[in-house]
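Asks: Submitted below is the structure of interest, expressed as structure tokens.
Only the coordinates and a few stated rules stand behind these numbers; no lab work does. Note that the coordinates shown come from a computational prediction; the quantities given were computed from them, not determined experimentally. Quick reminder, even Gly has a Cβ in these numbers, built from the backbone with ideal geometry, and neighbours come from all protein chains shown.
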């Protein structure tokens, strides 16, 4: 066991070369032997929100990179996409007063409004069609996260680990719904996935340094766009394809990708 790599989180628990020691709320809760192993490790896997910054401050590598800090944080994701020129629907944040007036100046109806931090599975996403819809959204959200509406009826979920595509599937919105989330009744389709879409997703994960991510991408106006990066993603698409995420991790580990 002394030669095994160390992971705090349990994501790699089926990888024989990795010892998952768990996340303790206090550093001194770890046995002395475990503390020494972590201290001597050049890389720590799934270090948790609690310890990631600490390990990085000591010069240790962590896996996955750009994971916890972007988890459920649309503001940071959008800033990263914009910084790296990753195609992303036009998005703006609005603070302060007169937000409705400024939003209506910048975006024609309809547009998309989102809860900027902490939402998932299609919750916290609204299609704003009228000033009344906007007023309702603004009354409950500050800052306002506003995004242009792309006329699509599906998006593509691409899951990548260590910048390798491990699964991809279309998510199609049910009738009367603009969100494509499977948790909102969206259907799953594995057919006719363009290679250029997978290449785009792989490029995005690479430039953003996402080591594990479920990217939601779509095709509109003649190009591919990244809608969102999901560090915690559903596994229904894996189950329907007969895939085991933990077996995938094990295969990647045995192949040296991790």
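Asks: Which FRET efficiency value, to the nearest 0.05, is calculated for residue 191 and residue 84 with the Förster distance at 22 angstrom and r the Cβ-Cβ distance?
Replies: Once rounded, the FRET efficiency stands at 0.10.
Asks: To continue, here is another question. In whole angstrom, note down how far apart the Cα centers of the range 113-150 and the range 210-258 are.
Replies: 26 Å
Asks: Also: Once you sort the root eigenvalues of the Cα gyration tensor of the range 5-63 as a ≥ b ≥ c, which label holds: rounded (a/c under 1.5), prolate (a/b larger than b/c) or oblate (the other case)?
Replies: Rounded shape, in that the Cα axes give a/c under 1.5.
Asks: OK, next. Taking 45 Å as R0, compute the FRET efficiency from the Cβ-Cβ separation of residue 130 and residue 244 and round it to 0.05.
Replies: Efficiency computed from Cβ-Cβ geometry: 0.50.
Asks: For the chain, give the share of DSSP beta bridges that are antiparallel, in percent and rounded to the nearest 5; count only bridges with both residues there.
Replies: 80 percent
Asks: Mind running the shape call on the range 154-254? Use the C-alpha gyration tensor, a ≥ b ≥ c as the square roots of the eigenvalues: rounded below 1.5 for a/c, prolate if a/b tops b/c, oblate otherwise.
Replies: The shape class here is oblate.
Asks: Cα axis of helix 74-83 to longest principal axis of the chain: angle in degrees, 0 to 90, nearest 10?
Replies: 90 degrees
Asks: Compute the long axis of helix 48-57 from its Cα atoms, compare it with the longest principal axis of the Cα atoms of the chain, and write down the angle in degrees, 0 to 90, nearest 10.
Replies: Taking Cα atoms only, the helix is inclined about 70 degrees.
Asks: Also, quick follow-up: Add -39500 (n - 2.57) for each DSSP H run of 4 or more in the chain, then divide by its residues: what number comes out at 222 nm, to the nearest 500 deg cm²/dmol?
Replies: Computed ellipticity for the chain at 222 nm equals -8000 deg cm²/dmol.
Asks: Right, another one. With each pseudo-label sitting 7 Å past Cα toward Cβ, what's the residue 106-residue 251 distance in nm, one decimal?
Replies: The two pseudo-label positions are separated by 4.3 nm.
Asks: If you work out Cα extents along the principal axes in Å from the coordinates, which of (i) 62, 45, 30; (ii) 57, 54, 50; (iii) 55, 45, 36 do you get?
Replies: Label (i) holds the value from this structure.
Asks: Name the shape class, rounded, prolate or oblate, that the alpha-carbon gyration tensor gives for the range 95-226, where a ≥ b ≥ c are the square roots of its eigenvalues, rounded holds for a/c under 1.5, and otherwise prolate holds if a/b is larger than b/c and oblate otherwise.
Replies: Note, shape of the range 95-226 comes out prolate.
Asks: Sticking with this one: With axes computed from alpha carbons, what is the tilt in degrees of helix 195-208 against the longest principal axis of the chain, rounded to the nearest 10 within 0 to 90?
Replies: 70 degrees
Asks: Note down the relative contact order for the range 11-78 as a percent, whole number, built from C-alpha pairs under 8 angstrom at least six residues apart.
Replies: Rounded, it is 22 percent for the range 11-78.
Asks: Restricting to the range 1-140, what percent of DSSP beta bridges are antiparallel, rounded to 5?
Replies: If I count the DSSP bridges inside the range 1-140, around 40 percent turn out antiparallel.
Asks: Using a basic spin-label model with each label point 7 Å from the Cα along Cα→Cβ, how many nm lie between residue 198 and residue 140?
Replies: That separation, rounded to one decimal, is 4.0 nm.
Asks: May I ask you to derive the relative contact order of the chain, considering only C-alpha pairs under 8 Å and at least 6 residues apart, and to give it as an integer percent?
Replies: Rounded, it is 18 percent for the chain.
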